[in-house]
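Down below is the structure, laid out as structure tokens.
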Amino acid sequence: MEVVIEIKNLKKSFGDIGILKGINLTVKKGENVVILGKSGSGKSVTIKCIAGLLTQDEGSLKVFGEEIKDLKEDELKALRCRIGFLFQSAALYDSMTVRDNLIFPLKRVLKIKDNALIESRCIEVLEAVGLADAIDKMPSDLSGGMRKRMGLARTLIVKPEIILYDEPTTGLDTITSKEISNLMLQIQKKYQATSVIITHDIPCSSITADRVLIIDDGVFIAEGTHEELENSQDDYIRSFFK
Amino acid sequence: MQKQLPFTKSLVAVADQAYFFQSFFRNIFKKGFEWDELFRQSYIIGYKSIGITTLTGFILGIVMTLQSLPTLKEFGAASYIPSMVSVSIIREIGPVIIALICAGKIASSIGAELSSMNVTEQIDAMKVSGANPIQFLVVTRILACAVMIPLLTIFADAMALVGGYIAAAMNGGITMTLYFHKALTILDYTDVVPAFIKTILFGISIGFIGCFKGFTYNNGTASVGLAANSAVVTSSIWIIIIDGIVVQLTNSILYT
């Protein structure tokens, strides 16, 4: 199967503090990869490097076969059109309505001008995340779970081939977390997207993961299916699942 | 990591600002100019600042007249009031005071808005979606300031002349026709053109500093307040510096 993300010996530091200390990762098309780890272990830095928001100090990071750090501004922009990113805070544009949040990438990234097509794409993604009634609301009128759904809708509207999730269930109650996790799984099946999910929410991992990696102090220390790692012989690995 | 010396830090800050200005300038001419956002920002920056600039200009005219009148009367020069108010307001006081008011109102609001967008990852969200945040957020705000602040200054200058007339009429009984005739005939292009150019530069500096601070301050919610505060202080200093440079240049070009 086609490899869409290939990371070799990736290192990233902020000043004296080394965050990523040589990680290796290969993600194949259509795969759901979950990265588990404690706060500050380098999970978010990893996906920010994949999205080109941060540049690595050393190592290789290829997305769709292209080395991210060698891309020019316009090439990186073109690559990002194929990647979706759901931020921890959902990062909705709070001066715009839900509709305008959705129209923003359609007009600027996909350059769609046809209003009827724009409207139908908005309705389609809002229905996919169960928020069709909220189209004219402001982000400030939405609850935490609705904001996450809305963030997911904005990510999906450009039909990305890779979706990067940064702690998608953080700050949500158990029921809403489960709903969001199931939604992520449905979306992956419907849109055939590849997903990299950063989380420390174990139920979310068990619902969504094809493969789980555990990151600790900037390196991956374990890899396997959710069940394999949950039943690991290593006490430290098992402690993530308790 | 080696600690940076204050001088090195200042050089890095200047380099950062130069790079930010260069990316603003480059993005003005890029395809996909955000006209709708430019008009929205012009409305917010211009229309929503009319009240404060009108009031400031009007009171400035009254105060200048009331303060100057007793001294000018002593020398039998009260008839020079319209010309004096007109030249001083239009050449110097109007542009500088309105720019300082706008630095307080507009630079702080741009700095706080963009910094809070930065903190809540909205700017990163624009980047990863493949959109261009400099084109959407920075170019539109700086250009809106460059267009609206000169217009606000012209409006405030006009209100200052009205204020000056009301104060003069109440204290000396001058007619409106005579007041405005004297106030306007004294002006020539050497008064109006450099002042107008100066207001455009003030507008660019207010928009630029607001945007730069908003993009730079991104460490938690405290940085939103810091960005607003720093935007006001820095843009006010730049207004004074630009004023000094433009006055010196005008004098050396026109009067030597």
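Tabulated results
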| quantity | calculated |
| --- | --- |
| Scope the stretch B:211-256; condition touching a helix residue (DSSP H, G or I) at 6+ places or on another chain (Cβ under 7 Å), within 21 Å of B:Ser109 (Cβ to Cβ) and surrounded by fewer than 17 Cβ atoms within 10 Å (Cβ to Cβ); matching residues | B:Gly220, B:Thr221 |
| Positions within the stretch A:41-83 being open to solvent by less than 10 Å² (accessible area, probe 1.4 Å) and out of contact with any strand residue (DSSP E or B) (no Cβ under 8 Å at 6 or more places or on another chain), in sequence order | none |
| Residue, farthest from the chain's Cα centre (by Cα), within the stretch A:203-242, restricted to residues that are assigned to a helix (DSSP H, G or I) and polar (S, T, N, Q) | A:Ser239 |
| Residues within the stretch A:1-34 that are within 18 Å of A:Lys62 (Cα to Cα) and assigned to a strand (DSSP E or B), tallied | 21 |
| Residue match in the stretch A:197-211 (condition: crowded, with 23+ Cβ neighbours inside 10 Å and within 29 Å of A:Leu117 (Cβ to Cβ)) | no |
| Qualifying residue in the stretch A:90-106 (condition: within 14 Å of chain B (Cβ to nearest Cβ), open to solvent by 60 Å² or more (accessible area, probe 1.4 Å) and in contact with a Pro (Cβ under 8 Å, 6 or more places away or on another chain)) | yes |
| Test: B:Glu92 is touching a residue at least 12 places away in the same chain (Cβ under 8 Å) and within 14 Å of chain A (Cβ to nearest Cβ) | no |
| Single residue of B:Met159, B:Met176 found to be open to solvent by less than 70 Å² (accessible area, probe 1.4 Å) and either more than 21 Å from B:Thr71 (Cα to Cα) or polar (S, T, N, Q) (or both) | B:Met159 |
| Any hit, the stretch B:184-191, residues being closer than 29 Å to B:Val246 by Cβ, part of a helix (DSSP H, G or I) and under 16 Å from the mean Cα position of the chain (by Cα) | no |
| Qualifying residue in the stretch A:87-94 (condition: part of a loop (DSSP other than H, G, I, E, B) and in contact with a strand residue (DSSP E or B) (Cβ under 8 Å, 6 or more places away or on another chain)) | yes |
| Single unsatisfied condition, A:Leu86 versus (1) open to solvent by 10 Å² or more (accessible area, probe 1.4 Å); (2) more than 9 Å from chain B (Cβ to nearest Cβ); (3) closer than 16 Å to A:Ile47 by Cα | (1) |
| Selection from the stretch B:120-151 of residues that are under 12 Å from the mean Cα position of the chain (by Cα), surrounded by fewer than 22 Cβ atoms within 10 Å (Cβ to Cβ) and either within 14 Å of chain A (Cβ to nearest Cβ) or small (Gly, Ala, Ser) (or both) | B:Ala146 |
| Those residues of the stretch B:1-51 which are part of a helix (DSSP H, G or I), polar (S, T, N, Q) and surrounded by 11 or more Cβ atoms within 10 Å (Cβ to Cβ), in sequence order | B:Thr8, B:Ser10, B:Gln17, B:Ser23, B:Asn27, B:Gln41, B:Ser42, B:Ser49 |
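The values are calculated or read from the model by the stated rules, or taken from the named source; none is laboratory data. Given the structure is predicted, the values throughout are model-derived calculations rather than measurements. Positions of Cβ are backbone-derived with ideal geometry, glycine not excepted, and every protein chain shown enters the neighbour counts. Side chains are part of the model used for accessible areas, which takes the heavy atoms of the whole protein and leaves out ligands, DNA and RNA. Shrake-Rupley method; radii C 1.70, N 1.55, O 1.52, S 1.80 Å.
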